[in-house]
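Down below is the structure, laid out as structure tokens.
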Amino acid sequence: MKQEFTRIAVKVGSNVLARRDGTLDVTRMSALVDQIAELHKSGVEIIMVSSGAVASGRSEIHPQKKLDSVDQRQLFSAVGQAKLINRYYELFREHGIAVGQVLTTKENFGTRRHYLNQKNCMTVMLENNVIPIVNENDTISVSELMFTDNDELSGLIASMMDAQALIILSNIDGIYNGSPADPNSSVIQEIGHGKDLSNYIQATKSSFGRGGMLTKTNIARKVADEGITVIIANGKRDNILVNLLQHPEDTLCTRFIPSKEPVSSVKKWIAHSEGFAKGEIHINECATEVLNSEKAVSILPIGITHIEGEFEKDDIVRIIDFRGNQVGVGKANCDSSQAQEAIGKHGKKPVVHYDYLYIE
């Protein structure tokens with residue numbers, strides 16, 4: 001059976017792995033492992049991004065005193081992550097497949113060096129037929145620097161690992177054109193480039209996860225813009241993963257159509273690095289127009305009106321147009337004081353080179 005994709009990232013949400021009482025659903029976990037093993041054996045490389053550490057720890061630990069939400073998350077995830085990865089290890093071992101744990105934090109994506117180091121680690125794992133199982137390291141993540149949830153993390157991983165598809169498994173069949181609870185609503189099966197979904201999306205969160213449908217669609221958009229197919233489907237449906245890859249026409253899901261323009265790996269990194277931006281470069285009307293045209297242009301000092309914040313060379317900076325709207329992010333080619341000195345001058349080197357500029 002010829003499959004459309006040879007490398008995929010699969011994000012398994014906490015609402016797929018948790019039972020109603022918030023504890024881990026091992027039966028569901030086992031069913032997903034069976035499907036991933038089947039795809040792995042058919043030649044598909046798979047990177048898993050799995051939630052479920054907190055759900056896994058919740059049933060093990062019964063704290064003596066009431067804990068605040070941070071203490072509770074750290075305690076449950078520390079105990080739960082060990083239990084979760086052990087479960088995966090045992091379940092995959094039955095299929096003769098090795099797995100490896102990758103725990104990461106948002107800061108690990110902040111510098112190009114850390115980013116490439118992680119990419120290298122997972123590439124070596126895939127080359128040796130090991131399935132990476134990635135999760136955020138909740139025990140040491142600082143709240144302000146946490147991923148919105150594992151949807152954001154899975155988008156970064158899919159992009160970093162040049163996956164052809166990102167499959168986000170949730171507890172509903174996709175994105176609906178109304179409230180999922182309304183019997184007249186139906187799943188939007190395909191979402192093209194630039195389609196406005198704001199009327200359909202509710203900002204409510206899932207019961208156990210940190211991210212709702214709004215997060216999922218924003219991330220799906222960004223990843224699809226980088227040329228990766230994004231699929232949102234119901235992880236509680238039997239054989240969902242195998243069906244998505246082998247019988248895509250007959251399987252209910254929402255599919256974001258990828259952009260046809262390839263994006264360089266550096267631009268992929270920059271596109272997901274906005275959270276690490278150190279400063280802002282404000283540009284004039286003329287520079288804004290050129291930036292929005294089809295031309296490949298760098299940010300030159302002549303088009304800059306002012307600089308905000310302090311940054312070093314190679315830091316990520318936000319690009320703000322003459323109306324005050326953010327239009328992109330890029331990697332600074334010099335530090336903020338050098339950029340400040342060059343403002344408005346002709347013939348100077350770019351402050352952000354086109355190769356390191358991501359326009360939103």
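So which residues in region 138-148 are open to solvent by 10 Å² or more (accessible area, probe 1.4 Å) and within 14 Å of the chain's Cα centre (by Cα)?
Within region 138-148, Met146, Thr148 meet the criteria.
Mind listing whichever residues of region 319-360 are assigned to a helix (DSSP H, G or I) and open to solvent by less than 40 Å² (accessible area, probe 1.4 Å)?
Those that are assigned to a helix (DSSP H, G or I) and open to solvent by less than 40 Å² (accessible area, probe 1.4 Å): Ser336, Ala339, Ala342.
Does Ala271 satisfy the criteria of being in contact with a strand residue (DSSP E or B) (Cβ under 8 Å, 6 or more places away or on another chain) and closer than 30 Å to Leu166 by Cα?
Criteria met by Ala271.
If you go through region 236-243 one residue at a time, do you hit one that is surrounded by fewer than 17 Cβ atoms within 10 Å (Cβ to Cβ), in the same structural domain as Ile175 (by the TED database) and within 15 Å of Gln3 (Cβ to Cβ)?
So far as region 236-243 goes, yes, one or more of its residues are surrounded by fewer than 17 Cβ atoms within 10 Å (Cβ to Cβ), in the same structural domain as Ile175 (by the TED database) and within 15 Å of Gln3 (Cβ to Cβ).
Check whether at least one residue in region 29-44 is surrounded by 19 or more Cβ atoms within 10 Å (Cβ to Cβ), among the charged types (D, E, K, R) and in the same structural domain as Asp149 (by the TED database), and report yes or no.
No, that holds for no residue.
One residue is enough: does region 344-352 have a residue meeting the conditions within 25 Å of Asp162 (Cβ to Cβ), without any contact (Cβ under 8 Å) to a residue 60 or more places away in the chain and outside the structural domain of Asn171 (by the TED database)?
No: region 344-352 contains no residue that is within 25 Å of Asp162 (Cβ to Cβ), without any contact (Cβ under 8 Å) to a residue 60 or more places away in the chain and outside the structural domain of Asn171 (by the TED database).
Given (1) in contact (Cβ under 8 Å) with a residue 60 or more places away in the chain; (2) surrounded by fewer than 16 Cβ atoms within 10 Å (Cβ to Cβ); (3) closer than 22 Å to Ala55 by Cβ; (4) of a type outside the set (Gly, Ala, Ser), identify the lone condition not met by Asn135.
Unmet condition: (2).
Go through region 77-110 and give me each residue that's outside any helix (DSSP H, G or I), open to solvent by 60 Å² or more (accessible area, probe 1.4 Å) and not acidic (Asp, Glu).
Gly96, Gln101, Leu103
What pairs come up if the first residue lies in region 50-76 and is of a type outside the set (A, V, I, L, M, F, W, C), the second is open to solvent by 80 Å² or more (accessible area, probe 1.4 Å), and their beta carbons are under 8 Å apart, counting only those six or more places apart or on different chains?
What qualifies is Ser56/Arg87.
Out of region 298-318, which residues are free of Cβ contacts under 8 Å to residues at least 40 places away in the same chain and crowded, with 17+ Cβ neighbours inside 10 Å?
If the condition is that a residue be free of Cβ contacts under 8 Å to residues at least 40 places away in the same chain and crowded, with 17+ Cβ neighbours inside 10 Å, then Gly303, Ile307, Phe311, Asp315 are the ones that fit.
Can you find even one residue in region 256-279 that is crowded, with 17+ Cβ neighbours inside 10 Å, under 24 Å from Lys216 (Cβ atoms) and at pLDDT 90 or above?
Yes.
Would you pick out the residues in region 157-201 that are open to solvent by 10 Å² or more (accessible area, probe 1.4 Å), at pLDDT 85 or above and either under 30 Å from Thr111 (Cβ atoms) or of a type in the set (Lys, Arg) (or both)?
Those that are open to solvent by 10 Å² or more (accessible area, probe 1.4 Å), at pLDDT 85 or above and either under 30 Å from Thr111 (Cβ atoms) or of a type in the set (Lys, Arg) (or both): Asp162, Gln164.
Among the residues of region 82-102, is there at least one that is farther than 24 Å from Arg19 by Cα and touching an Asp or Glu at 6+ places or on another chain (Cβ under 8 Å)?
Yes: region 82-102 contains one or more residues that are farther than 24 Å from Arg19 by Cα and touching an Asp or Glu at 6+ places or on another chain (Cβ under 8 Å).
Given the criterion farther than 24 Å from Met160 by Cα, open to solvent by 10 Å² or more (accessible area, probe 1.4 Å), modelled with pLDDT under 95 and touching a strand residue (DSSP E or B) at 6+ places or on another chain (Cβ under 9 Å), identify the matching residue among Arg19, Arg58.
When all the criteria are applied, what remains is Arg58.
The values are calculated or read from the model by the stated rules, or taken from the named source; none is laboratory data. Just so you know, these numbers come straight off a predicted model, no measurement behind them. Here the Cβ is made from the backbone with ideal geometry for all residues, glycine too, and neighbour counts use every protein chain on show. Calculation scope for accessible area: heavy atoms of the full protein, side chains included, ligands and nucleic acids excluded. Shrake-Rupley method; radii C 1.70, N 1.55, O 1.52, S 1.80 Å.
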